[in-house]
Amino acid sequence: MKYEVLGNDKQADLNLYVCERDDKIAPGVRYGPVIRDSYIIECCTEGSGSITINGKDFPLKPGDCMVLLPGDIVTHITSPDTTRSGVWCAVKGIKISSYLDAVGIDSKNPYAPRKAVPKIVELINRIIELKADTDAGADLRRTAIVHEIFGEIMRYAKAGTDKSAYICQAIRIIETRYAEQITVAGLAHDIGLDRSYFSTVFHKVTGMSPQEYITDIRIKKACALLSMEEYTISEAACAVGIAPEGFSRVFKGKTGITPGQYRQKQKQVLPDMSEDWICGR
């Protein structure tokens, strides 16, 4: 796809090529595969779909923003049962690759931090409003906003090369939502990482998989509940997000004894699960 350049300096740090708003893309619409020579910042504001990057599918939901790289083979897909709306812009610049490297965004991990997305959407809409301006300062104003967009991305992902920052965030989610039906894919989505990349980083930082860590937290919490007589074994299982019918098997797999045996002993048998060494608490 060829874009009309809105800026003039092709060797600039950042140069805006096009900025658009997509309203109510029809269900099931598929665009691509396409290979671009610019970076695409695409935000979803309504509906859902996915973007396939080099053969791998990445879900696209409201609140998601992806950065697509030049040379990637990309296909945009709208879900078959919903329309999709969003905003996007195409940019080039000699420093963009270093910006993205600094925050860990690449073809395998295209998501911008979710906390940054509302501001990114606002900024792209501002560029769209300025699109028709042709006065001497128009290019400068639009380019300044593009710098703001990358500033927002780097603001919330400034620890992109510090993998433990992402894992601290995931651990805090697990600690507060362990009783819910947490999934590894959901965790990765919440912190803005690809599932495969998230699992790899999580294991490197903690020494265990995300699912193993979730289970360990649940069993630790269950031990505390089993020490209280007011909770039955089934109630303790439900309270920590484990199905009662599988609780005994999971519990024994982690502790070496059954929940009933643990209750009788009335003591903690799990190793220290403190993650203070990761989060610095």
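Coordinate-derived values only; no laboratory data. As the structure is a prediction and not an experimental result, all values here were calculated from the model. Cβ atoms come from the backbone with ideal geometry, glycine included; neighbour counts cover every protein chain shown.
Taking 0.36 nm per residue of separation and subtracting the current Cα-Cα distance, fully stretching the chain between Asp81 and Lys252 would add 57.2 nm. Once you reduce region 187-240 and region 50-85 to the center of their Cα atoms, the two points are 30 Å from each other.
Between Thr183 and Met208, the contour length at 0.36 nm per residue exceeds the Cα-Cα span by 7.5 nm. Given (i) 46, 25, 19; (ii) 39, 22, 16; (iii) 46, 19, 15 as candidate values of semi-axes √(5λ) of the Cα gyration tensor in Å, which corresponds to the one derived from the coordinates? Label of the calculated value: (iii). Looking at Ser234, Thr215, Tyr262, which one has the Cα that reaches farthest to the positive end of the dipole of region 163-279 (charges on Cβ: Lys, Arg +1; Asp, Glu -1)? Selected residue: Tyr262. In percent, rounded to a whole number, the relative contact order of region 163-279 is 26, using alpha-carbon pairs under 8 Å and six or more apart. Length available on full extension from Thr176 to Glu46: 0.36 nm per residue minus the Cα-Cα distance, which gives 44.0 nm. Checking the a/c ratio against 1.5 first, then a/b against b/c, what shape does the Cα gyration tensor give for region 163-279? Judged from the Cα gyration tensor, region 163-279 comes out prolate (a/c at least 1.5, a/b above b/c). For the chain, the longest principal axis of the C-alpha atoms and the axis of helix 163-177 are separated by about 50°.
Charged side chains reduced to their Cβ positions (Lys and Arg at +1, Asp and Glu at -1) give the chain a dipole of some 760 debye around its Cα centre.
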